[in-house]
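The structure under discussion appears below in the form of structure tokens.
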Amino acid sequence: MIKPTTDNEQGCLYIVPTPIGNLEDITLRALRILKEVDLIAAEDTRHSKRLLNHFEIETPLISYYREKEAEKSVYLIKLIKEGKSIALISDAGTPGISDPGAILVLRAHKEGVTVIPLPGPSAVTTAMSASGYSGNGFLFIGFSPSKKGQRQKLLLSLADSQYPVVFYESPRRVEAFLQEALAVYGERQVFWAREITKSFEDLEVGTLTGLLQKAQAKQMRGEFVLIIYPGEKEKVQGETVEELICWYRDNSELSLKDVSKKLATDLGISKSVVYQQALTLWKDKP
Ligand code: SAM
């Protein structure tokens, strides 16, 4: 096998993606690097031990988790500067993608330490590749905020995205997430990718309503990627603030508060002024 010239013998940081389900998805290079390095920095050492045992890799592990990223990264960079090679892994997929890693990698760059990223599994690219999307570009968000208000704010800010928006979601929250997305956007096309590369892989192109019904029908388990497509551009009708408020009131699922926020941002006017006007007009809602 040709050994890539970019793989240093020592004193560097490797970023090593690991499978997101199917263990066969680990690359040959990842296996070799994990065997050759002095130390593997893992998000959860107990979790990663199972993966390493499976591949008979005996490299020592050190824990590197989000809460201790800053502290641990100082120590790891010191080891690398002393000549050690370290591989960074997360529980699944690519480190730094909705996973810890960024702090260590940035410190490595700042301190002149060689960073060598390996390509490999990630839920976002795997889901996107299976979605059938033929346009260019997508917007990756990862996890939305856990607080409902912040989540709604985020969804609202993405309402006019011309790109599909990719979210990571947990089974616990998927129903609420779809419900909130439906309330903010109205109907939209969605791609749902659950348990990718695993036994119960479930891929579906659907609508927010359809997938919400599916999520409500039985308790959903597993891990999700949800891709929400841009809405049909409905021509907003109205020229005055009053006409615009009435248009959104009658043609969208947005609440009074959200309409006020949206118009204030779009038109660059005071939110409280729009809100007061909307309050009066909402009373006449047909
Ligand atoms: N670093 C990982 C990556 O590169 O995709 C992401 C880690 S993040 C903590 C975990 C989230 O990724 C899950 O909650 C889920 O949204 C998504 N995910 C990971 N594995 C998945 C899978 N097999 N199927 C669907 N989504 C998955």
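The values are calculated or read from the model by the stated rules, or taken from the named source; none is laboratory data. This is a predicted model, so every value here is computed, not measured. A quick note on method: Cβ atoms are made from the backbone with ideal geometry, for glycine too, and the neighbour counts reach across all protein chains shown. When the accessible area is computed, the model is the full protein with side chains, heavy atoms only, and any ligands, DNA or RNA have been set aside. Shrake-Rupley method; radii C 1.70, N 1.55, O 1.52, S 1.80 Å.
With N set to the number of residues, divide the alpha-carbon radius of gyration of the range 12-120 by 2.2 N^0.38 Å and report two decimals.
0.95
Under a point spin-label approximation (7 Å from Cα along Cα-to-Cβ), what is the residue 242-residue 114 distance to one decimal in nm?
Simple spin-label model gives 7.1 nm for this pair.
Kirkwood hydrodynamic radius, computed over distinct alpha-carbon pairs, for the range 144-286: how many Å, to one decimal?
Computed over Cα pairs of the range 144-286, the Kirkwood hydrodynamic radius comes out at 16.4 Å.
Just the ratio, please: alpha-carbon radius of gyration of the range 84-212 over 2.2 N^0.38 Å, N its number of residues.
1.21
What does the charge count around residue 71 come to, taking other residues whose C-beta lies under 13 Å from its C-beta (Lys +1, Arg +1, Asp -1, Glu -1)?
With Lys, Arg at +1 and Asp, Glu at -1, the neighbours total +3.
Among the aspartates and glutamates, which fall within straight-line cross-link reach of residue 153, defined as a Cα-Cα distance under 19 Å, with same-chain neighbours fewer than 8 residues apart omitted?
Within the straight-line cut-off, residue 153 pairs with 169, 175, 180, 187, 253, 258, 266.
Would you kindly state how much longer the chain becomes between residue 106 and residue 273 on full extension, computed as 0.36 nm times their sequence separation minus their alpha carbon distance, in nm to one decimal?
Once the chain is fully extended between residue 106 and residue 273, it gains 55.7 nm.
Would you list, by chain and number, the aspartates and glutamates whose Cα falls below 14 Å from the Cα of residue 35, excluding same-chain residues fewer than 8 positions away?
7, 9, 56, 58
Return P(r) of the chain (all Cα-Cα pairs; 10 Å bins starting at 0; whole %; ordered from short to long distances).
Binned Cα distances yield the sequence 6, 24, 25, 21, 14, 8, 3, 0.
How large is the accessible surface per residue of the range 1-104, computed with a 1.4 Å probe and reported in Å² as a whole number?
52 Å²
Suppose a student asked you for the relative contact order of the chain, using Cα pairs under 8 Å spaced at least 6 residues apart; what percent would you report? Provide the component values of the computation, followed by the final result.
On the way: 470 pairs, mean separation 45.9, N = 286.
About 16 percent, as a whole number.
Under the Karplus relation 6.51 cos²θ - 1.76 cosθ + 1.60, θ = phi - 60°, what is the ordered set of whole-Hz ³J(HN,Hα) values for the range 273-286, x standing for Gly and Pro?
5, 5, 4, 4, 5, 5, 4, 5, 5, 5, 5, 8, 3, x
Can you give the three extents of the C-alpha atoms in the range 38-98 along their principal axes, from longest to shortest, in whole Å?
Ordered largest first, the range 38-98 gives principal extents of 30, 26, 17 Å.
For residue 170 and residue 148 in one chain, what is 0.36 nm times their gap in residues minus the Cα-Cα distance, to one decimal in nm? It would help to have the intermediate numbers written out before the result.
Numbers: separation 22, 0.36 × 22 = 7.92 nm, distance 1.46 nm.
Contour length minus the Cα-Cα distance gives 6.5 nm.
Charges at C-beta only: +1 for Lys and Arg, -1 for Asp and Glu. How large is the resulting dipole of the chain about its Cα centre, in Debye rounded to 20?
Dipole about the Cα centre, nearest 20: 620 debye.
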